[in-house]
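**Student:** Structure in structure tokens, see below.
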Number of protein chains: 2
Amino acid sequence: MSSIDFLLNNSEVVKSLYYHNPSTSADISCYTGKSIPHVIKILNELVKEGYVAENGYATSSGGRKPLNYSLVSDTHFLLSVSMDQFSTQMVIVDMNNRFITEVIRYEFDLLRSEPGTLVNYIKIFIKDSGVSKKNIIGIGLTMPGFVNTKEGVNYTFLKVADQTLVEYVQQRIKIPVFLENDSKAIALGEQKFGIASNVENVLVLNLGWGIGLGMILGGKIFRGNNGLAGEFSHIPLFKNGKLCKCGKHGCLETEASLIAVTATAKQGIAAGQITSLANYEVVDADVIINEAIKGDAYSVRLISEAAYHVGEGLAILIHLMNPAVIVLSGKGSVVGKLWLAPIQQAINEHCIPMLTQYTELVISNLNSKAQLLGAAALVVENFGKPLEAKLKAIKEISGSIN
Amino acid sequence: MSSIDFLLNNSEVVKSLYYHNPSTSADISCYTGKSIPHVIKILNELVKEGYVAENGYATSSGGRKPLNYSLVSDTHFLLSVSMDQFSTQMVIVDMNNRFITEVIRYEFDLLRSEPGTLVNYIKIFIKDSGVSKKNIIGIGLTMPGFVNTKEGVNYTFLKVADQTLVEYVQQRIKIPVFLENDSKAIALGEQKFGIASNVENVLVLNLGWGIGLGMILGGKIFRGNNGLAGEFSHIPLFKNGKLCKCGKHGCLETEASLIAVTATAKQGIAAGQITSLANYEVVDADVIINEAIKGDAYSVRLISEAAYHVGEGLAILIHLMNPAVIVLSGKGSVVGKLWLAPIQQAINEHCIPMLTQYTELVISNLNSKAQLLGAAALVVENFGKPLEAKLKAIKEISGSIN
DNA sequence: GAAAACTTATTAAATATTTAATAAAGTCTT
DNA sequence: AAGACTTTATTAAATATTTAATAAGTTTTC
């Protein structure tokens, strides 16, 4: 059995260690559902192979002190790629979920750029990172748009002729690639490392230019039948006649996104509204958020109105999904406190109390790291059979080409 | 090992046989994910114990003819209890999912009746059925309201002091009881025996007085964190100011339910609308549906408008869940064709085409049987550990009382 | 009408995993 | 400080399950 196969064959234990560091044998038994003797057997083998290290004893809770186990950080690495519509961030993560490089940001306009450019950026990033390519076990590629994870396609951006995006990148980099929608990746990050870790049913809002949604249902990312679930920002909620960029009218996004807020602000300023926003040459979302934080009443009102509309949408979600926790995440969550009160207000007004009493609304503690962590976790989630299959496919193609 | 334990220890194979009758060893291997030799070993043991019968050969598809296996019908039975707000239906089902008694209907007003009355009806039904009580392996109890399946409680109806409803019934009948919400039971029925069988992501609408929703997500009934998921009829969708019975305004139900339709009809008649409904002393939903079928233009318009509003709600659901199939089920689905066109119209108008192209809208072929089949399937779903645990609990309590 | 291809059934060996028992090493109570 | 009680680690035996190989029927092909 080759070295990496050994890691992948015991993927349940490895995953558990990646997410919970350090762990005792009892912890791992609990997380994986395997018996303690079996877990210890696997751990000892992993120690022998150099993938796992014992590191001291944990404190006792009234019995023999348990041994602590951790993954050895530098046996393999994960490449985390986190795209939004205008830029792409990359970082390399070790087996203990630590960033071992700087987070590098590349200008990359999803609408106008080519997949080839992305591949080049990845190649450059790997080269500059100093990490040996053969030690990078997988790439988590996360991006906006209609993403079909199973097929490895993004129906919205970076379409490639006669090939899936995943195949395209994988063939050129020769590292297994896993594709996911940005909001779903953020949800995964929040579930594994965030404030809602280990909760079965979580809704994660990706507050940014639009309003993305990632759902963890029954402990797993919910993707729907074609990977298109969670199109929260386009639910038809308003009879406002406003045309959305999706082609329909009255989408949540037409009232609740930062794009809508910016449009309203410009109208307000033109109409002579008294606001510090009037002092700016260019009014964009960042400006409005900053002025709101500083206390400009009009800016606060604009954000609050948008947040209230988000809350109206969330009221629908709560009725349908009965989640334990709703997390406000994504880049916009840094001003989470601005959103919190109006959203809660809308929920209180529009939800049956029986339902709200069981649902908690919280602000992410991961900030902008959620998507990067989620992209790495996406690779870890595929440890085992799926990763093995991709490695095999790459080997076959390389073999036949070289 | 006692007789029933043997059945429950091999529950995966037994479940597969219950849902797919007859099956070959290859079928069962496929459904359960176990290897063929292992499945055959279990089957042979089940045959020896008298739970399974070989019955002839299936046709070959280009190889050796496979043996057909079925569960023996009369080793055990399931009691299916299917409640709506005003009446309760019961039937006994055999191990091949066949109704072996008449479906008996009891008048039982959920709001005004006592749990004790339900228990009495169940006792009477079992006695009259002629089926020996000790052969009834479980009761599937399905009813409207906020049902927490895990806790065994209905927060809306039939509350019992100091005890869960499941405990209450179970202690008095001494048969394991499994509780589920009516719409979720219908969804289970549709998933296992209906037009959407074996589909991973299905939304099932329970068209009746209200509009219930049961969701099958990732192949399983989705219940949310407290069993309260799927409150479709109370999503806040309209700014109509109409007060809903839930205490809020603008719920889907205020525009789309048969209750709303009936109210609108009465207003219309009073306002002199030309319609055959005017000939009736009492106008209720049944009357409107009947006249719509006969062709009364006003009745058709009323139903269509309600259906269109249901479609608006479904458009939201499609954006969020990306289901493969949406099934119109429940008692109201007998006039499914009246609903179909306006719902589809609303979906087309309010959904992103990318999403609608993957979602099929169909009418149930189970009609009013869906809930009864779902209630029986609920017991089957709990074959194995959960049923074993309940049997043990009953034995302990009986032992300590008697 | 054989040969080839295919599916199913059976068997034996290998592997995965759990259970139960015991030993080792702690904490807590009195 | 002794004894009761916990928790963890280790071992051996039992059970569950899969893999691989082979045999037994059926259909398809030529």
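**Student:** All but one of (1) within 14 Å of another protein chain (Cβ to nearest Cβ); (2) in contact with a strand residue (DSSP E or B) (Cβ under 6 Å, 6 or more places away or on another chain) hold for B:Ile139, so report the exception by its number.
**Tutor:** For B:Ile139, the exception is condition (1).
**Student:** Which ones in the stretch A:239-258 are open to solvent by less than 10 Å² (accessible area, probe 1.4 Å) and within 21 Å of A:Asp286 (Cα to Cα)?
**Tutor:** A:Leu252, A:Ala256, A:Ser257 - these are the residues of the stretch A:239-258 that are open to solvent by less than 10 Å² (accessible area, probe 1.4 Å) and within 21 Å of A:Asp286 (Cα to Cα).
**Student:** Have a look at B:Ile259, B:Ile221 and point out the one that is farther than 17 Å from B:Leu361 by Cα and either touching a Ser or Thr at 6+ places or on another chain (Cβ under 9 Å) or outside the structural domain of B:Ser333 (by TED's automatic domain parsing) (or both). Spell out the reasoning first.
**Tutor:** Details: B:Ile259 fails: either touching a Ser or Thr at 6+ places or on another chain (Cβ under 9 Å) or outside the structural domain of B:Ser333 (by TED's automatic domain parsing) (or both).
Among B:Ile259, B:Ile221, only B:Ile221 is farther than 17 Å from B:Leu361 by Cα and either touching a Ser or Thr at 6+ places or on another chain (Cβ under 9 Å) or outside the structural domain of B:Ser333 (by TED's automatic domain parsing) (or both).
**Student:** Which of the residues belonging to the stretch B:270-308 are open to solvent by less than 60 Å² (accessible area, probe 1.4 Å), over 29 Å from the mean Cα position of the chain (by Cα) and charged (D, E, K, R)?
**Tutor:** Residue satisfying the conditions is B:Asp296 alone.
**Student:** Okay, next question. Out of curiosity, is B:Ala315 over 22 Å from B:Leu252 (Cα atoms), in contact with a strand residue (DSSP E or B) (Cβ under 8 Å, 6 or more places away or on another chain), among the small types (Gly, Ala, Ser) and surrounded by 17 or more Cβ atoms within 10 Å (Cβ to Cβ)? Please lay out each step first, then the result.
**Tutor:** On the way: over 22 Å from B:Leu252 (Cα atoms): no; in contact with a strand residue (DSSP E or B) (Cβ under 8 Å, 6 or more places away or on another chain): yes; among the small types (Gly, Ala, Ser): yes; surrounded by 17 or more Cβ atoms within 10 Å (Cβ to Cβ): yes.
In short, no.
Yes/no per residue for (1) under 21 Å from A:Gly212 (Cα atoms); (2) over 21 Å from the mean Cα position of the chain (by Cα); (3) among the charged types (D, E, K, R):
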site	(1), (2), (3)
A:Val131	no, yes, no
A:Ile139	no, no, no
A:Pro144	yes, no, no
A:Asn148	yes, no, no
A:Leu158	yes, no, no
A:Arg172	no, yes, yes
A:Lys192	yes, no, yes
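For (1) modelled with pLDDT of 95 or more; (2) in a strand (DSSP E or B), each residue gets a yes or a no:
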| residue | (1), (2) |
| --- | --- |
| B:Gly62 | no, no |
| B:Lys65 | no, no |
| B:Ser70 | yes, yes |
| B:Leu79 | yes, yes |
| B:Ser82 | yes, yes |
| B:Gln85 | no, no |
| B:Val91 | yes, yes |
| B:Asn96 | yes, no |
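**Student:** Still on this structure, I have one more. Which of the residues belonging to the stretch A:2-25 are within 13 Å of DNA strand D (Cβ to nearest atom) and open to solvent by 50 Å² or more (accessible area, probe 1.4 Å)?
**Tutor:** Of everything in the stretch A:2-25, those that are within 13 Å of DNA strand D (Cβ to nearest atom) and open to solvent by 50 Å² or more (accessible area, probe 1.4 Å) turn out to be A:Asn9, A:Pro22.
**Student:** Here is a further query. Identify, by number, the condition in (1) within 11 Å of chain A (Cβ to nearest Cβ); (2) open to solvent by less than 20 Å² (accessible area, probe 1.4 Å); (3) touching a Leu at 6+ places or on another chain (Cβ under 9 Å) that B:Leu207 doesn't meet.
**Tutor:** Of the numbered conditions (1) within 11 Å of chain A (Cβ to nearest Cβ); (2) open to solvent by less than 20 Å² (accessible area, probe 1.4 Å); (3) touching a Leu at 6+ places or on another chain (Cβ under 9 Å), the odd one out for B:Leu207 is (1).
**Student:** Within the stretch B:152-208, track down each residue that is part of a strand (DSSP E or B) and free of Cβ contacts under 8 Å to residues at least 40 places away in the same chain.
**Tutor:** Restricting attention to the stretch B:152-208, the residues satisfying the condition of being part of a strand (DSSP E or B) are B:153-154, B:177-181, B:202-207.
Residues satisfying the conditions are B:Val153, B:Asn154, B:Leu179.
**Student:** Here's something else I'd like to know. Give B:Asn365, B:Asn382 a once-over and let me know the one that is closer than 30 Å to B:His319 by Cβ and either free of Cβ contacts under 8 Å to residues at least 24 places away in the same chain or away from chain A (no Cβ under 14 Å) (or both).
**Tutor:** Working: B:Asn382 fails: closer than 30 Å to B:His319 by Cβ.
Testing whether each residue is closer than 30 Å to B:His319 by Cβ and either free of Cβ contacts under 8 Å to residues at least 24 places away in the same chain or away from chain A (no Cβ under 14 Å) (or both) leaves just B:Asn365.
**Student:** Which count do you get for residues in the stretch A:216-240 that are in contact (Cβ under 8 Å) with a residue 12 or more places away in the chain and either more than 24 Å from A:Gly250 (Cβ to Cβ) or within 8 Å of chain B (Cβ to nearest Cβ) (or both)? Outline the logic, then answer.
**Tutor:** Step one: filter the stretch A:216-240 for residues in contact (Cβ under 8 Å) with a residue 12 or more places away in the chain, giving A:216-219, A:221, A:223, A:226-238, A:240.
Still in the list and also either more than 24 Å from A:Gly250 (Cβ to Cβ) or within 8 Å of chain B (Cβ to nearest Cβ) (or both): A:216-219, A:221, A:223, A:226-232, A:234-237.
Of the residues in the stretch A:216-240, 17 are in contact (Cβ under 8 Å) with a residue 12 or more places away in the chain and either more than 24 Å from A:Gly250 (Cβ to Cβ) or within 8 Å of chain B (Cβ to nearest Cβ) (or both).
**Student:** Residues of the stretch A:30-48 being under 27 Å from the mean Cα position of the chain (by Cα) and either within 10 Å of DNA strand D (Cβ to nearest atom) or touching a residue at least 12 places away in the same chain (Cβ under 8 Å) (or both), which ones? Walk me through how you get there before you give the answer.
**Tutor:** Let us first name the residues in the stretch A:30-48 that are under 27 Å from the mean Cα position of the chain (by Cα), namely A:30-33.
Once the filter is applied, which keeps residues that are under 27 Å from the mean Cα position of the chain (by Cα) and either within 10 Å of DNA strand D (Cβ to nearest atom) or touching a residue at least 12 places away in the same chain (Cβ under 8 Å) (or both), the stretch A:30-48 yields A:Cys30, A:Tyr31, A:Thr32.
**Student:** Go through the stretch B:116-151 and report how many residues are in a loop (DSSP other than H, G, I, E, B) and without any contact (Cβ under 8 Å) to a residue 40 or more places away in the chain. Even if it seems obvious, please write down each step before you answer.
**Tutor:** Filtering the stretch B:116-151 down to residues in a loop (DSSP other than H, G, I, E, B) leaves B:130-132, B:144-146, B:149-151.
From what's left, without any contact (Cβ under 8 Å) to a residue 40 or more places away in the chain: B:130, B:132, B:145.
Qualifying residue count, the stretch B:116-151: 3.
**Student:** Limited to the stretch A:49-67, what total is found for residues that are touching a residue at least 24 places away in the same chain (Cβ under 8 Å) and either open to solvent by 50 Å² or more (accessible area, probe 1.4 Å) or within 8 Å of DNA strand D (Cβ to nearest atom) (or both)? It would help to see each step written out before you state the result.
**Tutor:** Step one: filter the stretch A:49-67 for residues touching a residue at least 24 places away in the same chain (Cβ under 8 Å), giving A:49-52, A:55, A:58, A:66-67.
Narrowing further to those that are either open to solvent by 50 Å² or more (accessible area, probe 1.4 Å) or within 8 Å of DNA strand D (Cβ to nearest atom) (or both): A:49, A:55, A:58, A:66-67.
Qualifying residue count for the region: 5.
**Student:** For the stretch B:374-386, which positions are part of a helix (DSSP H, G or I) and open to solvent by 10 Å² or more (accessible area, probe 1.4 Å)? So that I can check it myself, show each step before the final result.
**Tutor:** Residues of the stretch B:374-386 part of a helix (DSSP H, G or I): B:374-381, B:385-386.
Residues satisfying the conditions are B:Glu381, B:Lys385, B:Pro386.
**Student:** Restricted to the stretch B:75-109, and to residues that are exposed (fewer than 15 other Cβ atoms within 10 Å of the Cβ) and without any contact (Cβ under 8 Å) to a residue 60 or more places away in the chain, which residue is nearest to DNA strand D (Cβ to nearest atom)?
**Tutor:** Keep residues of the stretch B:75-109 that are exposed (fewer than 15 other Cβ atoms within 10 Å of the Cβ), which gives B:86-87, B:98, B:102-103, B:105, B:107, B:109.
Now narrow it down to the ones that are without any contact (Cβ under 8 Å) to a residue 60 or more places away in the chain: B:86-87, B:98, B:102, B:105, B:107, B:109.
On the way: B:Phe86: 45, B:Ser87: 43, B:Arg98: 29, B:Glu102: 39, B:Arg105: 42, B:Glu107: 47, B:Asp109: 47 Å.
Among them, the one singled out is B:Arg98.
**Student:** Among the residues of the stretch B:314-359, write down those that are in contact (Cβ under 8 Å) with a residue 60 or more places away in the chain and facing another protein chain (nearest Cβ under 9 Å).
**Tutor:** Once the filter is applied, which keeps residues that are in contact (Cβ under 8 Å) with a residue 60 or more places away in the chain and facing another protein chain (nearest Cβ under 9 Å), the stretch B:314-359 yields B:Ile316, B:Leu317, B:Met321, B:Asn322, B:Pro323, B:Ala324, B:Val325.
**Student:** Same structure, new question: Please verify whether B:Ser70 is under 25 Å from the mean Cα position of the chain (by Cα) and more than 16 Å from DNA strand C (Cβ to nearest atom), treating the condition exactly as stated. Write out each step before concluding.
**Tutor:** Details: under 25 Å from the mean Cα position of the chain (by Cα): yes; more than 16 Å from DNA strand C (Cβ to nearest atom): no.
Spelling it out, it is not the case that B:Ser70 is under 25 Å from the mean Cα position of the chain (by Cα) and more than 16 Å from DNA strand C (Cβ to nearest atom).
**Student:** Going by the structure shown, is B:Phe125 modelled with pLDDT of 95 or more and of a type outside the set (S, T, N, Q)? Walk me through it before giving the result.
**Tutor:** Numbers: modelled with pLDDT of 95 or more: yes; of a type outside the set (S, T, N, Q): yes.
Considered against the rule, which asks whether it is modelled with pLDDT of 95 or more and of a type outside the set (S, T, N, Q), B:Phe125 comes out as yes.
**Student:** Separate question: Looking at B:Thr59, B:Thr75, which is the one that is away from chain A (no Cβ under 14 Å) and either within 17 Å of B:Asn135 (Cβ to Cβ) or within 7 Å of DNA strand C (Cβ to nearest atom) (or both)? Before you say what the answer is, go through the steps one by one.
**Tutor:** On the way: B:Thr59 fails: either within 17 Å of B:Asn135 (Cβ to Cβ) or within 7 Å of DNA strand C (Cβ to nearest atom) (or both).
Matching residue, one of B:Thr59, B:Thr75: B:Thr75.
**Student:** Across the stretch A:210-224, which residue is surrounded by the fewest Cβ atoms within 10 Å (Cβ to Cβ) among those that are in a loop (DSSP other than H, G, I, E, B) and out of contact with any helix residue (DSSP H, G or I) (no Cβ under 6 Å at 6 or more places or on another chain)?
**Tutor:** Kept after step one, since they are in a loop (DSSP other than H, G, I, E, B), are these residues of the stretch A:210-224: A:210, A:218-219, A:222-224.
Then keep just the ones that are out of contact with any helix residue (DSSP H, G or I) (no Cβ under 6 Å at 6 or more places or on another chain); that gives A:218-219, A:222-223.
On the way: A:Gly218: 13, A:Gly219: 11, A:Phe222: 23, A:Arg223: 23.
Only one residue fits best here, namely A:Gly219.
**Student:** For the stretch A:355-369, which positions are open to solvent by less than 40 Å² (accessible area, probe 1.4 Å) and part of a helix (DSSP H, G or I)? So that I can check it myself, show each step before the final result.
**Tutor:** Looking only at the stretch A:355-369, we keep the residues that are open to solvent by less than 40 Å² (accessible area, probe 1.4 Å), and these are A:355-356, A:359, A:361-362, A:364, A:366.
Result: A:Leu355, A:Thr356.
**Student:** A:Leu188 versus (1) surrounded by fewer than 19 Cβ atoms within 10 Å (Cβ to Cβ); (2) under 27 Å from A:Glu253 (Cα atoms); (3) of a type in the set (A, V, I, L, M): which is the lone unmet condition?
**Tutor:** (1)
**Student:** In addition: Looking only at the stretch B:1-49, which residues are within 11 Å of DNA strand C (Cβ to nearest atom), among the small types (Gly, Ala, Ser) and out of contact with any Leu (no Cβ under 7 Å at 6 or more places or on another chain)?
**Tutor:** Taking the stretch B:1-49 first, the residues within 11 Å of DNA strand C (Cβ to nearest atom) are B:23-30, B:35-41, B:43-44, B:47.
Narrowing the set further to residues that are among the small types (Gly, Ala, Ser) leaves B:23, B:25-26, B:29, B:35.
The answer is B:Ala26, B:Ser29, B:Ser35.
**Student:** Now for a different question. Let me spell it out: the conditions are (1) assigned to a helix (DSSP H, G or I); (2) within 32 Å of the chain's Cα centre (by Cα), and B:Gly247 meets all of them except one. Which number is the exception?
**Tutor:** Result: B:Gly247 passes all but (1).
The values are calculated or read from the model by the stated rules, or taken from the named source; none is laboratory data. As the structure is a prediction and not an experimental result, all values here were calculated from the model. Neighbour counts are summed over all protein chains in view; Cβ atoms, including those assigned to glycine, are modelled from backbone coordinates with ideal geometry. In case anyone asks, the SASA skips ligands and DNA or RNA and just uses the protein heavy atoms, side chains included. Shrake-Rupley method; radii C 1.70, N 1.55, O 1.52, S 1.80 Å.
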